[in-house]
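Reviewing the structure listed below.
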Amino acid sequence: MSVEEVERATLLFGGEIKLTRLTGDARVATTANELEAIVHRDRSTAILGGADAAECAALARMADRRGTLYFNISSSEDALRGAECRATMFHVIPSAAMYRDALTRAEPAVEADARCVAWDASLVRFGADTLNQRFQARYGQPMTDESWTGWLAVKVLWESALRARTGEPSALVAVLTRDTTRFDGHKGRPLSFRPWDHQLRQPVYVLTGEPGALRPVEVPVASAANVSSTVVLDELGVSADRSACRWSR
Amino acid sequence: MTIGRGVTATLAILALPVVWVPASSAQRNAPLLFVSNEGSHDITVINTTKNAVVATIPVDGRPRGIHVSPDQRRVFVALSDEQPNEQSSRDAIVAIDIATRRVVARYAIGTDPEQFAISPDGARLYVSNEDAGTATALDIRSGKAIATIIVGIEPEGVAYSPDGRWVYVTSETSNSVTIVDARTNTVVHNVLVDLRPRAAAFSPSGRRAFVTAEIGGSLAVIDVATFAVVKSIELERGEGKPVGVAVSPDGKRIYIASGRTSTVSVLDERSGATIAAIPVGKRPWGITVSRDGRFVYTANGLSNDVSVIDASALRVVATLEVGQRPWGVALSH
């Protein structure tokens, strides 16, 4: 779906964007060296993915070395946003700290084993239904957290490139961290990256109810008058004054 | 003759389903407001002189986009089923004859039709196909699709320029407006706008177009001659969630329905300044202005009513109960 959207965006506005899938059925890279060779060959703007915190950290390190951006779409590990942060790394998946805060703030009483997610296939409002239906129709399965973060990361990249009129990583960093830059992730609020750790501000969903009939409850709650406020979204996760992230490392 | 027999006869008259009123006099006397109710699958008809519901027309599907034909004889309604990605017999645009209030034509037009626009000469109709990322041009007389055009991702709003030359299609996910030359049915330009563009409207002069960006909380002003965004107007200090947009007949004011804040923003066209933010019913989406510019109507999806705004007093002067989840409004005159 991301490939089709990238193609559509370049069809509308010109330019050329190449999205290379590295794993899965059309596996083209199996080792870090092979991946790095592709990044070098294509002069890639960004790398997305990683299976776990260790792999994400390794990819971020390699991206940094190559002057390429790294988009974390799978690891909620707080350290990646803290001591291990990088100026070239951006986190589309919520942090563990955001999930913890959401569980303690959730309006309904939350069971001890309650889960918190970035996305849910039953979401309906703010165009979530359209996105969920498009995904389900395309792949025959519901959109999960990682399908959503992967989809949004690609969208954030091509949108930033279109607005910057370049794929040059440092120019994209400038766009991504500008305080007026916002993205729409079909969550009903403008989303943006925190300048102090490059975590994407976003509401998350606490799943409540009976097993088999879980219902996503959006956190943090906002009134119509402050739904676009970054202050409200910054109620979740690590604030600027508590952040262990230092860019110069 | 006894009194009892007379009463019986009166009851028989009351049982008749329709009281016949000549269409021409009905139209001359009272502009009608048509409201599409996506929850109750019907169209509420309101006499705007009396602010009274005069009829409810059931439709076969979930009605959303709604427009009156330029000749004032028909109201066109986009209908869909509840399965957005599958085309079924319910996915269609239907034409309802205003005089008889009956469906007189049905156009199969891809999956899940939501928004469309009718050309000023009444010959054509442009509809957005959300899941296909296309817009289809339809010849109304033959009922045939004459062109399918690639637009942005999740296309939504459609608007014709007053001279019939341009069609604007807004696409929610790619944050874009596709500008189509309606003479050749080809894309001439794509414009990047703010987040989640929902609807477009032209000034009566045709020189400017206005595009709402729901998540961006802003209104883009596009210069029609150069295709350029000349201004982006922040609404309600960025907290507005603009969806529907309508321009007053004299072109001096822009009315914007902001769903999540349940307000209508009134803007001065020339300066872009906000004149008022008027509280209306819950979650207004569809919006239209009367031909004389005196009243503005909104379809309020969560309060199941229509707000009637007095454009001089800048306040709601009537709230009319309609069907379930009203979506769009259209006026005949």
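Contact-buried residues of the stretch A:219-249, at a threshold of 30 Å² lost accessible area versus the chain by itself: A:Ala224, A:Val227, A:Ser228 (1.4 Å probe; DNA, RNA and ligands ignored).
Note that the stretch A:2-233 shows a convex hull volume over its alpha carbon atoms of 140 Å³ per residue.
The helix-based estimate of mean residue ellipticity at 222 nm for chain B, built from -39,500 (n - 2.57) per DSSP H run of four or more residues and divided by its residue count, is -1500 deg cm²/dmol to the nearest 500. Here the peptides B:56-66, A:236-246 are ranked by packing, the mean other Cβ count within 10 Å, and the order with the highest first is B:56-66, A:236-246.
The helix-based estimate of mean residue ellipticity at 222 nm for chain A, built from -39,500 (n - 2.57) per DSSP H run of four or more residues and divided by its residue count, is -11500 deg cm²/dmol to the nearest 500.
Other residues with beta-carbon under 14 Å from the beta-carbon of B:Val75 carry, at +1 per Lys or Arg and -1 per Asp or Glu, a net charge of +3.
When a/c is below 1.5 the answer is rounded, else prolate if a/b is larger than b/c, else oblate, so apply that to the stretch B:73-196 with a ≥ b ≥ c taken from the square roots of the Cα gyration tensor eigenvalues. Intermediate results must be reported in sequence, preceding the final value.
Working: a/c = 1.97, a/b = 1.31, b/c = 1.51.
Oblate, because a/c is 1.5 or more while a/b does not exceed b/c.
With every protein chain kept in place and ligands, DNA and RNA left out, what is the accessible area per residue of chain B? Probe 1.4 Å, answer in Å². Working shown, then result.
Working: 13740 Å² over 333 residues.
Value for chain B: 41 Å² per residue.
Let me confirm one metric for peptide B:215-222, namely the mean number of other chain beta-carbon atoms within 10 Å of its residues' beta-carbons.
Details: counts 14, 4, 4, 0, 0, 0, 0, 0.
The per-residue average across the peptide is 3.
Expressed in units of 2.2 N^0.38 Å, where N is the residue count, the Cα radius of gyration of chain B is 1.00.
Applying a 4.7 Å Cβ-Cβ cutoff to the protein assembly as shown leaves A:Cys56, A:Cys116 as cysteine residues with no disulfide-compatible partner. Taking label points 7 Å from Cα along the Cα-to-Cβ direction, A:Ala79 and B:Asp250 give a separation of 6.9 nm.
What percentage of the solvent-accessible surface of the stretch A:1-137, computed with a 1.4 Å probe over protein heavy atoms, is contributed by carbon and sulfur atoms? It would help to have the intermediate numbers written out before the result.
Working: 3370 of 6820 Å².
On the stretch A:1-137, the fraction of accessible area on carbon and sulfur atoms equals 49 percent.
Shown is the FRET efficiency for B:Ala105 and B:Arg237, computed with R0 = 51 Å from the Cβ-Cβ distance and rounded to the nearest 0.05: 0.65. If you count Lys pairs in the protein assembly as shown whose Cα atoms are under 18 Å apart, skipping same-chain pairs closer than 8 places in sequence, the total is 6. Shielding by partners for peptide A:133-141, expressed as the average number of C-beta atoms from other protein chains within 10 Å of each residue's C-beta, is 3. Buried by at least 20 Å² relative to the chain on its own: which residues of the stretch A:188-216 qualify, computing accessible area with a 1.4 Å probe on protein heavy atoms? Residues meeting the cut-off: A:Gly188, A:Pro190.
A:Trp151 sits with roughly 10 Å² accessible to a 1.4 Å probe, with DNA, RNA and ligands left out of the calculation.
Using per-residue counts of other Cβ atoms within 10 Å, averaged over each peptide, order A:53-64, B:188-199 from highest down. Could the numbers behind the result be given before it?
Numbers: A:53-64: 18.4, B:188-199: 21.9.
Descending packing order for the listed peptides: B:188-199, A:53-64.
Only Lys, Arg, Asp and Glu carry charge here, each on its Cβ (+1 for the first two, -1 for the last two); on that basis the stretch B:31-331 has a dipole of about 740 debye about its Cα centre. With each label modelled as a point 7 angstrom along the Cα→C-beta vector, the A:Arg115-A:Glu7 pair spans 3.3 nm. Dividing the mean sequence gap of close Cα pairs (under 8 Å, 6+ apart) by how many residues chain B holds gives a relative contact order of 12 percent.
Counting Lys and Arg as +1 and Asp and Glu as -1, what is the net charge of the other residues whose Cβ lies under 10 Å from the Cβ of B:Gly61? Result for the local shell: -2. Association of chains A and B removes close to 2500 square angstrom of accessible area from solvent, both sides included, for a probe radius of 1.4 Å. Comparing the full protein assembly with the isolated chain, the residues of the stretch B:166-204 losing at least 40 square angstrom of accessible surface (1.4 Å probe) are B:Thr173, B:Asn190, B:Leu192, B:Leu195, B:Arg196.
Tell me the chymotrypsin sites (Phe, Trp or Tyr not before Pro) within the stretch B:122-194 that lie in a loop according to DSSP and have at most 15 other beta-carbon atoms within 10 Å. Filter output for the stretch B:122-194: empty list.
Counting heavy atoms of the protein chains only and a 1.4 Å probe, report the per residue accessible area for the stretch A:96-196 as a whole number of Å². Could the numbers behind the result be given before it?
On the way: 4310 Å² over 101 residues.
Roughly 43 Å² per residue, with all protein chains present.
Centroid-to-centroid, using Cα positions, the stretch A:61-75 and the stretch B:284-315 are 51 Å apart.
For the stretch A:2-233, averaging the sequence separation of C-alpha pairs within contact (under 8 Å, six or more residues apart) and dividing by the residue count gives a relative contact order of 19 percent. Here the stretch B:188-247 exposes an accessible surface that is 48 percent carbon and sulfur, computed with a 1.4 Å probe and the other protein chains kept in place. Residue by residue along B:234-240, Cβ atoms of other protein chains within 10 Å of the local Cβ number 3 on average.
The values are calculated or read from the model by the stated rules, or taken from the named source; none is laboratory data. A quick note: this is a predicted structure, and the numbers were derived from the prediction, not measured. Because the Cβ atoms are built from the backbone with ideal geometry, glycine has one as well, and the counts that use them run over all protein chains shown. Just the protein is used for accessible areas: all its heavy atoms, side chains included, with ligands, DNA and RNA removed. Shrake-Rupley method; radii C 1.70, N 1.55, O 1.52, S 1.80 Å.
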